[in-house]
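Down below is the structure, laid out as structure tokens.
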Amino acid sequence: MKISPLATPFPQMPPIAGVRVAVARAHYKTWDRCDLTFAAFEPGTVVAGVTTKSKCPSPEVEWCRNALPLGQARALVVNAGNSNAFTGNRGRAAVEAIAARVAGALQCQPSDVFVASTGVIGVPLPIDKAEAGIDAVLQADAADWRQATDAIGTTDTFAKGASTTATIDGRTITLVGIIKGSGMIAPDMATMLGFLFTDAAIEPALLQQMMDRANARTFSCITVDGDTSTSDTVLAFATGKAGNAPLATIEDEGAEAFETALTDLCRQLAQLVVRDGEGATKFVAITVEGAESDRSAHRIAMSIANSPLVKTAIAGEDANWGRIVMAVGKAGEPAERDKLAISFGATQVARDGLAVEGYDEAPVAAHLKGQDIEIGVDLGLGEGRATVWTCDLTHGYISINADYRS
């Protein structure tokens, strides 16, 4: 598979105390690679997360939803190549079997085991392969973050990981994250499968509050193709091994610094998914300001980002700002034609509902030939503002998805 031209190198990422990662082959598909990822957490690890708002979620999503309120985690299992979605009782039985087998090995409750799967919809996850994969991964040597990331991918063309730090009580807190996602990306909560790990000591309720806010600013601000997956899941695990005074409320010293780091980590991961958008050649940041509210700005920005006409114009390096006007107008949010302004990069091309007379096309053309594109929209109505990230739409997207099951 050709690597995305927007790919970035996989970073050096430190281990997280209290986390052990391993990979194995469950042979869910005929590929010659590991496709089962396992993480074991020391007792006391807490968890928070967000899942898809799809009305057709996978059994794995339902399992995580039921377990998240308990706030405790001892293990994570990720299957690649089979999403196990839309598989009825057989799919639910597979998730229960995985959780039971891991719980037996770790002597914990099945609800302490989190399960996620990604791949083809409508094919039940084979329990025999899943259990054999679990048995193999329990005996496997420890893996590094790159190996774990490679094992969770499907149509991904490069491994996606990020890390950052925060300071609490004079102690350095480490956060790392891995994510997979390339297509079926228009999350209404998260994006495909993402897993965050930190050594911070934090109460699960506060971690959940922070995850909800971070998600709204990051994972829910990206789109590749306008399609929300049945399996979207992002989970954050905190082992408490850093030894800081446990964070319980946002007013606690160090809580703001930790949330800033968590949001930064989520933003890095979300943008990596866009950079691996199926067939993508351009990374596009769309900022809408001057809206009546932040929510309104977000909806307008997503209308632009999800427009096939806008995305194909970007692919063709065509500054067709009329398509942006179209996307603003169809969003269903307050907008006034004669107050609208549009920019490509640093160049304003439309203002007060008209083309800017005599604007210099040269810098616009040069900007659109690059890989990182910025589109700005000012509605001139209020203080609302939002930024979302997307990619262009090329024939490569069709080629990848036309034969996805084969």
> Considering Ala80, Ala17, Ala73, which residue is within 15 Å of Thr118 (Cβ to Cβ), among the hydrophobic types (A, V, I, L, M, F, W, C) and in contact with an Asp or Glu (Cβ under 7 Å, 6 or more places away or on another chain)?
Replying inline: Ala80
>> Whether any residue in segment 283-299 is under 24 Å from the mean Cα position of the chain (by Cα), free of Cβ contacts under 8 Å to residues at least 12 places away in the same chain and surrounded by fewer than 23 Cβ atoms within 10 Å (Cβ to Cβ) is what I want to check.
In response: no
>> Looking at Ala236, Ala214, Ala280 in this structure, which one is in a strand (DSSP E or B), of a type in the set (A, V, I, L, M) and closer than 18 Å to Lys160 by Cβ?
In response: Ala236
> Quick one: in segment 177-200, which of the residues that are surrounded by fewer than 24 Cβ atoms within 10 Å (Cβ to Cβ) and hydrophobic (A, V, I, L, M, F, W, C) is modelled with the lowest pLDDT?
Replying inline: Met189
> For segment 350-382, how many residues are acidic (Asp, Glu), over 16 Å from Ser303 (Cα atoms) and in contact (Cβ under 8 Å) with a residue 60 or more places away in the chain?
Replying inline: 1
> Mind checking which residues of segment 104-134 are touching a residue at least 24 places away in the same chain (Cβ under 8 Å) and assigned to a helix (DSSP H, G or I)?
Replying inline: Ala105, Leu106, Ser111, Asp112, Ile127, Lys129, Ala130, Glu131, Ala132, Gly133, Ile134
> Given Leu76, Leu68, which one is assigned to a helix (DSSP H, G or I), under 24 Å from Gln209 (Cβ atoms), in contact (Cβ under 8 Å) with a residue 60 or more places away in the chain and of a type in the set (A, V, I, L, M, F, W, C)?
Replying inline: Leu68
> Given the residues Ala85, Ala97, Ala93, which is the only one that is outside any loop (DSSP other than H, G, I, E, B) and more than 21 Å from Val23 (Cα to Cα)?
Replying inline: Ala93
>> I need the full set of residues from segment 312-360 which are among the acidic types (Asp, Glu), closer than 21 Å to Leu381 by Cβ, part of a loop (DSSP other than H, G, I, E, B) and more than 27 Å from the chain's Cα centre (by Cα), in order please.
In response: Glu336, Asp352
> Does Pro363 fit the bill of being out of contact with any Pro (no Cβ under 7 Å at 6 or more places or on another chain) and assigned to a loop (DSSP other than H, G, I, E, B)?
Replying inline: no
> Counting only residues that are surrounded by 18 or more Cβ atoms within 10 Å (Cβ to Cβ), of a type in the set (D, E, K, R) and modelled with pLDDT of 95 or more, how many does segment 124-169 have?
Replying inline: 3
>> I want to confirm something. Restricting to segment 326-360 and keeping residues that are closer than 22 Å to Cys391 by Cα and of a type outside the set (Gly, Ala, Ser), which single residue is surrounded by the fewest Cβ atoms within 10 Å (Cβ to Cβ)?
In response: Lys330
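The values are calculated or read from the model by the stated rules, or taken from the named source; none is laboratory data. What you see is a predicted model, and the numbers here were worked out from it, not measured in a lab. For neighbour counting, all protein chains shown are included, and Cβ atoms are generated from backbone atoms with ideal geometry for every residue, glycine included.
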